[in-house]
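Okay, so here's the structure we're looking at.
Computed from the coordinates by the stated procedures, all read-outs in this text should not be read as laboratory data. It should be emphasised that the depicted structure is a prediction, and the values quoted were computed from it without experimental measurement. As a convention, Cβ positions derive from the backbone with ideal geometry for all residues, glycine included, and neighbour counts pool all protein chains shown.
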Amino acid sequence: MEQNFDVIIVGAGSAGLAALREVRKRTDNFLLINDGPYGTTCARVGCMPSKALIEAANAFARRKDFPAFGISGGESLTVDIPAVLRRVRSLRDKFVGGVLKATEDLGERNLAGRARMIDAQTVEVDGRRFRAKRIVLAPGSRPVVPEAWRAFGDGILTTDNLFEQADLPGRMAVIGLGAIGVEMAQALARLGITVTAFDLSPRLAGLSDEEVNAPLVKLLEKEFAIHTGEGAELRRVEGGIEVTAGAAKVVVDRVLVAMGRRPNVDDLGLETLGIPLDKRGQPQVNPTTLQVADLPIFLAGDANGQAALLHEAADEGHIAGLNAVAESIHCFQRRTSLAVVFSDPEVAVVGKRWRELDSEAVVAGKVSFARHGRARTAEKNKGVLHIYADKKSGRLLGAEMCVPAAEHMVHLLALAIERGLKVGDLLRMPFYHPVYEEGLRSALRELAGQLPCAGESDLASCGAYTIEALD
Ligand SMILES: Cc1cc2nc3c(=O)[nH]c(=O)nc-3n(C[C@H](O)[C@H](O)[C@H](O)COP(=O)(O)OP(=O)(O)OC[C@H]3O[C@@H](n4cnc5c(N)ncnc54)[C@H](O)[C@@H]3O)c2cc1C
Ligand SMILES: NC(=O)c1ccc[n+]([C@@H]2O[C@H](COP(=O)([O-])OP(=O)(O)OC[C@H]3O[C@@H](n4cnc5c(N)ncnc54)[C@H](O)[C@@H]3O)[C@@H](O)[C@H]2O)c1
């Protein structure tokens, strides 16, 4: 017999739980279905354990700057990788524990099992059928691992099991240098592991501006070997796994695969819905409503293949949850796009990427942090920052950067872009001395110098800014 609900939510990840928060405020008649471990990808195997590993690696790497500061003895420091991994898991358990509270009082409204759509209002789990007026699908994504590589068994790692390891070997390959690959390759190298990294693309960490990418590659190459432009192949050899890519060849103990994540939509029964699916099996999803075509279904989080980031998953779950209980479906304006990769220096992209802009219609303000005063005091004077603005109006459009404190500067820029500010508006803000944001100001001044509308001074003449966000 089928059970009837107002809303069914599939997936208890960040998107599913954000939907749950809205749904349960408005109805008790819901069902949450989750396959596999609870606790979310972010807290269990994603954002949080990866950042815990990075922090340990960066703390240990700091010893290399000690001589420059006049501190000696750094070379006698050692790292206990099993202890590092134990701390990562201990922190991870606390983060997961916090997340589990969101579902602990649900009782029978929380069902463990794999859900599959039967039609637009019916879901099947282990042969049982459940109907709902509306359904939120938030099944997340999983690491891409080429089928043939599964034969290497525990020689292959992904971030699903990296943090579970009791110890790590001396030689590792990292395949894929997107966000995960860059973060993990640098962290592993900083923990003393000999890392060799590979990517098909010469652009790393999601950067599209080659003038920002090139210095990043140079900096990372000081810490581990990087080979780009060729697909990697694996072969078991005496004493390890041989990785080849074009002319590059290395034997390693284990391989971390970070070649992207695939949305979990392939086994979800979407083909039963009678709507077109693209070649990746994705239905059309409206990003402002999360609605799938014109069905009573909402697809949120990594699963919709739009922006695989935590804050976007949470927003999408929120929108999907609200729309799943609303009388009529609402559109929500999405936030300025923002992504940070927690390498050192940090990589960050905000607003429009360079490749999305018409190079004829924009000007770029560029600054190198090599001579940045505050960064020099901290031995962190590395990287470059590019800001893009509309040539005619001076309106800020986006930025790409690999610099220290990028995570903070992109938030300031996101505010400016979201509020439609111009280069001159941001230059009228105070910049304290000495802070990393002075580098941002240099890039803005460089931009202003290229704009026909730029004045002679950063400061406004009398009067209000007449900008809602600032006055
Ligand atoms: C190593 C790593 C580091 C990351 N770092 C960052 C970061 O620093 N910043 C950032 O913004 N983002 C980061 N991310 C991305 C972020 O973690 C994800 O975007 C986010 O967790 C996605 O949430 P979600 O709800 O879509 O999916 P999930 O949290 O994966 O939830 C999906 C849930 O649905 C379940 N499920 C799947 N199929 C079914 C089914 N058929 N039936 C029932 N249940 C199902 C899954 O088992 C899972 O429990 C990182 C990701 C990784 C892997
Ligand atoms: N700091 C963060 O915000 C953060 C950190 C980690 C992950 N994430 C999210 O998780 C998602 C997945 O991360 P990811 O790094 O796995 O994916 P990604 O899509 O960012 O990068 C995958 C990389 O693998 C490369 N690649 C693909 N196939 C390859 C092959 N055959 N050989 C060599 N290289 C190959 C691609 O060129 C790309 O550079 C990202 O989209 C990101 O949104 C975010």
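The alpha-carbon of Lys94 sits under 19 angstrom from the alpha-carbons of these lysines, leaving out residues fewer than 8 places away in its chain: Lys51. By the beta-carbon count within 10 Å of each Cβ, the least crowded to most crowded order of Met429, Met117, Met401, Met172, fewest first, is Met429, Met117, Met172, Met401. The share of Cα pairs per 20 Å bin across the chain, counted from zero up to the longest distance, runs 22, 49, 27, 1 percent. Cross-link partners of Lys133 among lysines, defined as those whose alpha carbon lies under 18 angstrom from its own and excluding same-chain residues fewer than eight positions apart: Lys25. At an R0 of 45 angstrom, the distance between the Cβ atoms of Leu459 and His330 translates into a FRET efficiency of 0.60. Exposure proxy for Arg128, Arg262: other Cβ atoms within 10 Å of each Cβ, ordered fewest to most, give Arg128, Arg262.
Using only the alpha-carbon atoms of the stretch 113-165 as identical scatterers, what base-10 log of I(q)/I(0) does the Debye formula give at q = 0.16 Å⁻¹? Log10 I(q)/I(0), no solvent term: -0.69. Taking 37 °C and 0.692 mPa s as conditions, the stretch 278-374 diffuses translationally at an estimated 202 µm²/s according to Stokes-Einstein applied to its Kirkwood radius (Cα pairs).
Fewest neighbouring Cβ atoms within 10 Å first, the residues Ile329, Ile33 line up as Ile329, Ile33. When the square roots of the Cα gyration tensor eigenvalues are ordered a ≥ b ≥ c, the ratio a/c for the stretch 338-461 is 1.5 or more and a/b does not exceed b/c, which makes its shape oblate.
For n ≥ 4 DSSP H runs only, could you compute -39500 (n - 2.57) per run for the chain, divide by its residues and tell me the 222 nm figure to the nearest 500? Computed ellipticity for the chain at 222 nm equals -8500 deg cm²/dmol. Annotation note: chymotrypsin sites (Phe, Trp or Tyr not before Pro) in the stretch 73-166 located in DSSP loop regions with a Cβ neighbour count of at most 16 within 10 Å are absent. Taking every alpha-carbon pair under 8 Å whose residues sit at least 6 apart, the chain reaches a relative contact order of 15 percent.
Computed on the stretch 147-259, the Cα convex hull volume stands at 100 Å³ per residue. With a threshold of 18 Å on the Cα-Cα distance, the over-threshold entries among Lys64/Lys366; Lys222/Lys352; Lys222/Lys380; Lys222/Lys366; Lys218/Lys382 are Lys64/Lys366; Lys222/Lys352; Lys222/Lys366.
Taking amide H positions as modeled 1.01 Å from N, with prolines and chain starts lacking one, the residues under 5 Å from Arg261 and 5 or more places away or on another chain are Val144.
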